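What follows is a single structure, written as structure tokens, with notes after it.
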Amino acid sequence: MNEPNIDPKLLKPYNPKETEDRIYKIWEESGFFNPDVCIEKGVTDEKAKPFTIVMPPPNANGRLHAGHALFVTLEDIMTRYHRMKGDRTLWVPGADHAGFETQIVYERKLEKEGRSRFDMKPEDLYKEIYDFTIANKEFMENDVRRLGASCDWSREKFTLDPEIVKTVQQTFDKMFKDGLVYRGDRIVNWCAKHQTSLSEVETEFEERTEPYYYLQYGPFVISTSRPETKFGDKYVVMNTKDERYKEYKHGQKIELEWINGPITTTVIKDDSVDMEFGTGIMTITPWHSQVDFEIAERHNLDKEQIIDWKGKLLPIAGDFVGIHISKARPMIIEKLKEKGLLVKIDEAYKHSVKTCFKCNTIIEPQIKDQWFVKMRPLADRALDAVDSGKIKFYPENYEKIFRYWMTNTIDWNISRQIVWGIPIPAKICNICKKGYSDLKDELVKCECGGELHKDTDTFDTWFSSGQWTLLSLGYPDTKDLDIYHPTNVMETGRDLIFKWIPRMVIFALYLRDEVAFHNVYLHGLVNDEKGEKMSKSKGNVVNPIDLIDTFGSDALRIALVVGNTPGMDLALSRDRIKGYKNFANKLWNITRFVMSSVPNDNFKKSELNESDKKIIDEFNIIIKDITLDMENFRFYMASEKIYHYIWDTFASIIIEESKPIISGGDEKSKISRQTLLIEILEKSLKVLHPFMPFVTEEIWSILPIENKKLLMVEKWPE
RNA sequence: GCGCGAUUAGCUCAGUUGGUAGAGCAACCCGUUUACACCGGGAAGGUCGUAGGUUCGAGUCCUACAUCGCGCACCA
């Protein structure tokens with residue numbers, strides 16, 4: 001082929017591998033990811049409307065997965081679009097220490113090496129996990145770069161940066177002084193394997209089929225799936241309205257023979273008992289059940305621990321002391337049988353048990369002295385913010401879920417018994433157990449005269465993540481906050497509607513009297529090509545970096561976006577991505593045609609003739625439409641529209657029609673058409689840039705345009 | 001039990017305020033003439049889960065049901 005005018009690169013198919021890293025480096029070195037540089041170089045100005053996204057910080061302990069690829073893509077699309085619009089655009093990256101998650105990853109590593117965290121000094125363990133995390137953080141950041149993220153690395157924050165630790169501790173102190181955190185003996189979700197309490201969002205329900213036992217309890221028959229908790233049951237509870245048991249009076253004492261001998265039980269009448277369930281009679285174990293705990297609180301009953309922190313029975317179990325509950329159950333049943341107290345067994349009782357979301361160990365509810373956040377007043381403010389329309393959800397129906405969660409919230413346990421996290425700056429009295437916030441580490445005596453010792457617990461990860469929009473913008477320093485907060489969009493996975501979104505809303509309202517963001521965009525899960533959830537055990541996990549190596553970052557990005565409506569899960573197949581790799585090449589070849597149809601040197605754009613003007617006007621209408629989609633978070637439509645315009649209109653119709661005009665003799669039509677081709681190509685590149693930044697920037701660099709900037713800071717076409 | 005979502009072409013999914021059904025991928029036929037075979041041309045493929053209702057008109061609005069998925073609650 002004889003095409004002396006055009007860049008030799010264009011003669012070969014587009015090669016993302018040779019392009020992407022080089023382009024990213026140019027972007028990064030240009031400084032345009034940083035809005036301050038954009039102001040300095042006239043891309044935007046101080047009076048321009050700010051546009052801010054705070055990145056949901058990926059775990060620093062590992063590589064990115066497909067879900068990360070989706071969020072990076074979506075946020076980068078928004079960021080690039082707004083930067084091109086001339087907004088004062090900031091996308092703040094971050095890295096999460098991911099407290100419990102990371103500690104588990106590290107514990108598995110220790111386990112493999114035959115070590116255990118319980119044999120290590122906390123500070124040594126912390127140091128090891130810190131080094132491990134910081135080493136991995138770089139891999140994660142590099143993956144984010146490969147996806148083309150145009151975030152401002154100079155503002156990157158790590159959730160364990162010293163100033164962040166300090167600020168989070170100050171928030172605790174403020175909440176303590178405002179009476180919004182309290183120390184309390186309450187039921188917590190205890191994981192005996194990890195030796196820590198867990199919040200509701202860190203537990204899961206798992207359906208189990210187990211035997212269900214009916215036991216003779218004095219004159220009553222009670223039923224249970226957990227006979228190992230029954231040693232301490234000295235209250236028998238029935239509904240006040242239950243006619244069957246009306247002869248029994250509240251407070252009445254009854255002598256009866258129980259597992260380890262005779263005991264005295266007390267009758268309690270409480271309407272929370274479901275008369276339809278089992279025999280309508282229950283005994284309670286307040287130390288190991290939320291419901292029982294609440295009954296005990298209402299009637300001021302004794303609470304006694306039966307099971308220790310490792311899951312073994314305490315002395316109250318008599319003969320069974322020291323035996324792990326998993327082994328004790330059949331032994332207890334055997335004894336009950338011998339004593340004639342076993343009435344019957346339902347072999348296949350289906351019920352759900354709460355399990356640890358990481359290790360599937362059955363959660364043992366335990367009463368523990370912990371720090372709790374009083375949620376009601378905070379949640380009410382969050383609801384007000386949504387009611388008044390200050391926060392909008394995409395898709396809309398997630399607003400309902402948010403409301404439901406905020407309406408039904410319970411006090412939040414923020415104490416964790418792990419080292420990998422932000423220490424709670426508190427002191428606890430060794431006698432009366434009273435807790436104090438103590439930022440300066442100066443308190444020594446409790447008001448009761450007891451000694452104060454340091455709380456060794458750390459904060460639940462979400463306590464710090466909940467402040468993330470503020471922390472990543474430098475709170476309490478207001479320099480960036482005053483400009484970039486509230487953020488415009490919080491874009492994250494739909495599963496975080498409970499875990500994260502409400503907490504960010506709450507903290508921003510509490511600390512700054514502002515919403516954290518005006519829009520919440522929730523993406524769905526990225527599943528495998530069959531629509532099944534990716535999991536290591538199924539072996540269907542796809543690594544986004546492998547996909548980038550094979551198809552290019554641009555192809556992966558647009559494959560993740562086209563047709564992917566917010567909140568909906570996506571089935572990601574290799575064929576789908578391959579199609580968009582071809583699209584990148586199509587655009588490459590369009591450029592090759594345009595370049596070989598237009599004289600490279602001394603070409604001056606001319607006025608368009610009537611028919612060509614009509615063509616550009618039609619494109620302008622489509623661009624307007626796409627712009628509207630961009631403003632309304634319909635990236636799935638915007639991307640599809642530009643894709644189809646480029647392929648089906650520009651390539652298939654306009655270019656085909658141009659061939660006879662270009663090779664024809666009418667010089668005026670020819671120049672008009674050449675101008676048209678260049679204009680459409682330029683505009684196409686601009687509109688496509690947020691979706692496929694690498695190939696568009698590369699082509700832009702080849703085009704002979706006077707005074708050109710980087711495409712990433714060119715003006716979005718009006 | 002309560003709530004939410006889904007049900008449209010073989011597969012994965014769009015379809016913005018109701019106006020004669022769309023895309024990508026796969027499959028079929030044809031074609032390597034000068035942007036591109038990582039391509040082009042052509043043809044095929046859907047009673048829009050079921051049953052009612054509102055309307056001149058419903059994939060789109062309403063009601064009920066079915067199936068699948070998710071969340072929440074209970075589980076003594």
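The values are calculated or read from the model by the stated rules, or taken from the named source; none is laboratory data. Because the structure is predicted, anything quoted here is derived from the model rather than measured. Please note: Cβ atoms are built from the backbone with ideal geometry, for glycine as well, and neighbour counts cover all protein chains shown. For accessibility, only protein heavy atoms count, side chains too; no ligands or nucleic acids. Shrake-Rupley method; radii C 1.70, N 1.55, O 1.52, S 1.80 Å.
A few points about this structure:
- In summary, the lysines within cross-link reach of A:Lys241, defined as a Cα separation below 29 angstrom excluding same-chain residues under 8 places away, comprise A:Lys230, A:Lys249, A:Lys253, A:Lys269, A:Lys303, A:Lys344, A:Lys350.
- Rounded to 5, percent antiparallel among DSSP beta bridges of chain A: 70
- Average accessible surface for region A:163-302: 44 Å² per residue, computed with a 1.4 Å probe over protein heavy atoms with every protein chain in place.
- Compactness of chain A, expressed as Rg and Dmax over alpha-carbon positions, Å: 32.1, 113
- Each other residue within a Cβ distance under 13 Å of A:Ser658 adds +1 if Lys or Arg and -1 if Asp or Glu, for a net charge of -2.
- Mean separation of Cα contacts under 8 Å, 6 or more apart, over the residue count of region A:1-118: relative contact order %: 27
- Per DSSP, loop GluC sites (Glu not before Pro) in region A:587-636 with at most 11 further Cβ within 10 Å: A:Glu607
- Counting only protein heavy atoms and a 1.4 Å probe, region A:348-456 has 49 square angstrom of accessible area per residue.
- A:His644 exposes around 70 Å² of accessible area when a 1.4 Å probe is run over every protein chain in place.
- Where the Cα pairs of region A:87-182 fall when distances are cut into 5 Å bins, in %: 3, 10, 16, 17, 15, 15, 12, 9, 3, 1, 0
- Across region A:388-542, the relative contact order, built from alpha-carbon pairs under 8 Å that are at least six residues apart, equals 24 percent.
- Other residues lying with their Cβ under 11 Å from the Cβ of A:Gln195 contribute a combined charge of +3, Lys and Arg counting +1, Asp and Glu -1.
- Alpha-carbon centroids, region A:114-160 and region A:477-519: separation in whole Å: 24
- Exposure of A:Ile391 as accessible area (Å², to 10), given a probe of 1.4 Å and all protein chains: 0
- Global form of region A:589-676, assessed from the alpha-carbon gyration tensor, a/c cut-off 1.5: prolate
- Peptides A:303-310, A:658-665 ranked from most to least packed, by the mean per-residue count of other Cβ atoms within 10 Å: A:303-310, A:658-665.
- Within the accessible surface of region A:378-454, defined with a 1.4 Å probe on protein heavy atoms only, the carbon and sulfur portion equals 53 percent.
- Counting every pair of alpha carbons in region A:506-560, the share spaced more than 16 Å apart comes to 63 percent.
- The aspartates and glutamates within cross-link reach of A:Lys41, meaning a Cα-to-Cα straight distance under 20 Å and a gap of 8 or more places when in the same chain, are A:Glu28, A:Glu29, A:Asp87, A:Asp152, A:Asp480, A:Glu697, A:Glu706, A:Glu714.
- Per-residue SASA entry for A:Met275, accessible area with 1.4 Å probe, Å² rounded to 10: 70
- Local net charge near A:Met78, Cβ-Cβ under 11 Å (Lys/Arg +1, Asp/Glu -1): -2
- Taking 16 Å as the straight-line reach from the Cα of A:Lys17, the lysines in range (excluding those fewer than 8 positions away in the same chain) are A:Lys9, A:Lys25, A:Lys578, A:Lys581.
- Relative contact order (percent, whole number), chain A, Cα cutoff 8 Å, 6+ residue spacing: 17
- Spatially, region A:658-703 and region A:214-287 are offset by 83 Å when compared through their Cα centroids.
- Sites listed here are chymotrypsin sites (Phe, Trp or Tyr not before Pro) in region A:599-672 whose DSSP assignment is loop and whose Cβ has at most 12 other Cβ atoms within 10 Å, and the list is empty.
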